[in-house]
1. Ranked highest first by the average count of other Cβ atoms within 10 Å around their residues, in what order do 235-247, 339-351, 277-289 fall?
2. Report the full-extension gain for the segment Arg123 to Asp323: residue separation times 0.36 nm, less the Cα-Cα distance, to one decimal in nm.
3. Please compute the modelled spin-label separation between Gln182 and Thr308, points set 7 Å along Cα→Cβ, answer in nm with one decimal.
4. Under 1.5 on a/c is rounded, so check that first for region 184-233, then, if it is not, pick prolate when a/b is larger than b/c and oblate when it is not; a ≥ b ≥ c are the square roots of the alpha carbon gyration tensor eigenvalues.
5. Ordered by residue, what ³J(HN,Hα) values in Hz, to whole numbers, does region 215-220 give under the Karplus form 6.51 cos²θ - 1.76 cosθ + 1.60, where θ = phi - 60° and Gly and Pro are x?
6. Whole number please: convex hull volume per residue of the Cα set in region 2-110, in Å³?
7. Which far-off residues, 5 or more places away or on another chain, put their amide H under 5 Å from the one on Trp213, with H placed in the peptide plane?
8. Which ³J(HN,Hα) values, rounded to whole Hz and listed in residue order, are derived for region 374-381 from phi using the Karplus coefficients 6.51, -1.76 and 1.60 in 6.51 cos²θ - 1.76 cosθ + 1.60 with θ = phi - 60°, glycine and proline given as x?
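Throughout, read-outs are computed from the coordinates displayed, never taken from laboratory work. These numbers come from a predicted model, not from an experiment. When we count neighbours, we look across all protein chains shown, and the Cβ atoms used for this are built from the backbone with ideal geometry, even at glycine.
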Amino acid sequence: MVNAAFVAPYLLEATSQFVLAAARLPGVRLGVITATPLERLDPELREAVAGHWEISDGLDPQQITDGVRGLSAQLGPVERLIGILEQLQVPLAQVRDALGIPGMDETSARNVREKSRMKDVLRAAGLPCARHQLVHHTDQATRFLDHVGFPLVAKPPDGAGAKATYRLDTQQDFDSWLRAAQGSPSEAWLLEEYLTGREHTFDSVTLGGQTLWSSVSDYVPPPLEVLRNPWMQWTVVLPQDVSGPEYAEIHRAGPAALRALGVETAFSHMEWFARPDGSVAISEVGARPPGAQLASMIGFSHDVDFFTLWARLVLRDEFDRPDRVYASGTAYLRGMGRGRVRAVHGLEEIRRDLGQLIVSARLPQPGQPASSSYEGEGFITVRHQDTGAVREALDRIISGVRVELVESD
């Protein structure tokens, strides 16, 4: 029996899927460390977990340490400490190191969490990534601009999910960003050259330092373009076949990057660019499962329960390589403007024409507040054995569905 602690600052829907899969894994006794009180847990989740420890700050290493000790009194000594959030990876590693729990250590966690450090490690290993500079003051930012030129990308050094990420195309963009950055509580910002090309993900399983399996997906259009155009509906596609020459280089560079960063056992999420000249450039790496419905899409494409696949890997060091049977993809539905959802147009036609392909959906509901996330107000996921059929269906969805927003009173 493995005693494990899952740190989940808040038990929202996506996180709860991972917790349930871990709690239901045979041979595992799971406790949860969370800011959500026990009485507010979903009944299904409350029944599944073997222990609960409430903390006020789910990212505080000391509170996590206290939670592990508290759960050890309930379950027995905690042997695995896990969590899925990008922001949790360094605190989790610090607690593992302090308590002698197996898993990713602080050095490796900082390699994948601190974006400037990540790129320094990759460049030292001879792996392709964007030129970058961690800037603390105006002179450093200006010198980097003079060296690289426009366009640039500005982001927090420990960002996640493209939050607070900006493309700077002109001197006016740069000056506006610099004024905002000077007023930010952040001590530093990361400036990078803007990579051109098609953007993809490389999601992979590493066990004992060896990459055993991987999945590639395509962003259409790239997330940074989506961030700059709040009205834009976009898609992610997992092609049925990812063995072709267009993906050959990332199948080499991806595992090499994980080795260089010190990733031993993890389900990792990497973003990368296929450049016009055929080369690749690694953009970001996270030693945690993917978000934005990618976890579910991987499950749909391989006809497996992704969440159980992940739980077996991180809790029992077990992994059975799944076959890729289908192509799948998700269309993200976004309204233009602010306020609340007034109506969603075009859904009846989509249900009529594509209903047999749809495997999952969360549709925008009237009265729902406009989302602050680039994932938008809802999504529709489709699956088919033919990649072309999936791409065509997604094009139909983003061109045929319109989310109407109205300003709140």
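1. Details: 235-247: 17.8, 339-351: 15.5, 277-289: 20.2.
Those peptides, ordered most packed to least, come out 277-289, 235-247, 339-351.
2. Details: separation 200, 0.36 × 200 = 72.00 nm, distance 3.30 nm.
Taking 0.36 nm per residue and subtracting the Cα distance, the gain is 68.7 nm.
3. Modelled inter-label distance: 5.8 nm.
4. Oblate is the answer for region 184-233, as a/c is 1.5 or above yet b/c matches or exceeds a/b.
5. 9, 10, 9, 10, 8, 9
6. Working: hull volume 9.6 nm³, N = 109.
Roughly 88 Å³ of hull volume per residue.
7. Answer set, sorted by chain and number: Val205.
8. Along region 374-381, the couplings run 5, 6, x, 8, x, 7, 9, 10 Hz.
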